[in-house]
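Inspection log for the structure reproduced underneath, given as structure tokens.
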Amino acid sequence: MFVAGAGMAGLCAAARARELGASPVVVEKGSRAGGSMLLSSCVIWRYRSFDEFRAQCPGGDERLQRVVFEGLDEGLEWLESLAAPVVTRETGNPLTTGIRFDPAGLTEALMRAAGEVHFGHPGTDSGSHLVLATGGFQGDAALVERFVRPAVPLRLRANPWSTGDGLRLGLERGAALSAGLDEFYGRNMADVDFGEREFVPLAQVYGRFAHVVNERGEAFFDSEVSWSEVDLVQATARQPGARAWYLLDDRALDRPVRDRTVRELVGESPTRTDPGDLPFPAPEGTVAAVRVAAAITHTIGGLRVDERARVLDERDTPLDGLYAAGADVGGISTGGYASGLASALVLGRIAGESAAS
């Protein structure tokens, strides 16, 4: 049994398979384990009700959504049994429930349980009983252009190694693709250069309170922005330069964002701008402006799988010995946003069970 990828999904697959007596070989393209999970705030969550999950992600595969929803609580208990350190048991969102782990500690716990990891090779040329957990295709500009179709190449808010190796291998073996290939999870970031340490602090997560326009001063998002703002980020990606301006009045600045106010967040943004310095006339009442640019964290579309994480062909027949988990699997949160780490945890464990058996 081989596992391609040592991010959240791959490590969960290997650790679960090892518990069942298998001897998985984990191969990681990058120079470290943890994938993009290691760079995240590491909140692993689900919606409080399945009806809410369906309402938030109406285009998603209902079978897989049910698997993730019903399997997450057991998965979280399993992580704690591996001595993964908990930061808090609150998500800060009344719609969701989950646990925030320390990302470095969680990676270390999963590494202990998964066994040895071989670095520097994608692992997708391994033999039968292969689990694809390479993290999606957001790191490959050509694939993003082909499927997502942004106005310009998007900035990467993720590890640099998730470049579609699992997607390509699956297609070579006859896999079918899911819905939602043009969708992605990401953030509108302050429009400056950034590195891994700025992935969280430079995310501008108050677009739902702003009047949002493109570089020409044109409003481009007419409907209500979702709580996750993923819909706004995707729309921004298709504007000139994949950029936008957040225009804020005093009322917007006083809105809460978790334990902060928008005013505090705007004050820390390196691209905050006086309304008089905008390249277009600001609406009356605007007291602050922030320039943002869309960045991609992970893709939402990918390989089609069944409830046992088996990769399917166009007739929904499982491909022999091929499994997938994490962002290599598509179609779970189509039309909205759900926890990618939750899907990686649940389907990673299932992939490990299926491959081990």
| request: Please state which one of 342, 282 is more than 19 Å from the chain's Cα centre (by Cα) and either closer than 30 Å to residue 130 by Cβ or not in a helix (DSSP H, G or I) (or both). | output: 282
| query | What helices (runs of 4 or more DSSP H), lying completely within the range 214-268, carry at least 2 residues that are closer than 21 Å to residue 284 by Cβ? | reply | 250-253, 262-268
| message | Looking at the range 322-333, I want the residues that are under 16 Å from residue 138 (Cβ atoms) and have a partner that is assigned to a strand (DSSP E or B) and open to solvent by 10 Å² or more (accessible area, probe 1.4 Å) with Cβ atoms under 6 Å, at least 6 apart or on another chain. Which pairs are those? | response | 327/298
| What residue, of 215, 224, 183, 229, is on the phi < 0 side of the Ramachandran plot, in contact with a helix residue (DSSP H, G or I) (Cβ under 6 Å, 6 or more places away or on another chain) and either modelled with pLDDT of 95 or more or open to solvent by 70 Å² or more (accessible area, probe 1.4 Å) (or both)? | 215
| field | Pair list, Cβ < 7 Å and 6+ apart or interchain, from the range 87-113 residues that are without any contact (Cβ under 8 Å) to a residue 40 or more places away in the chain and closer than 17 Å to residue 75 by Cβ to residues that are aromatic (Phe, Trp, Tyr) and surrounded by fewer than 21 Cβ atoms within 10 Å (Cβ to Cβ) | value | none
| task | Just name the residue that is modelled with the lowest pLDDT out of those in the range 257-277 that are open to solvent by 70 Å² or more (accessible area, probe 1.4 Å) and under 24 Å from the mean Cα position of the chain (by Cα). | result | 258
| field | Sole residue being assigned to a loop (DSSP other than H, G, I, E, B), touching a strand residue (DSSP E or B) at 6+ places or on another chain (Cβ under 7 Å) and not aromatic (Phe, Trp, Tyr), chosen from 205, 200 | value | 205
| field | Pairs, first under 18 Å from residue 43 (Cα atoms) in the range 8-24, second among the basic types (Lys, Arg), C-beta under 8 Å, six or more apart | value | 12/349
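The values are calculated or read from the model by the stated rules, or taken from the named source; none is laboratory data. Given the structure is predicted, the values throughout are model-derived calculations rather than measurements. A quick note on method: Cβ atoms are made from the backbone with ideal geometry, for glycine too, and the neighbour counts reach across all protein chains shown. Just so you know, the surface numbers come from the protein's heavy atoms only, side chains and all, with ligands and any DNA or RNA stripped out. Shrake-Rupley method; radii C 1.70, N 1.55, O 1.52, S 1.80 Å.
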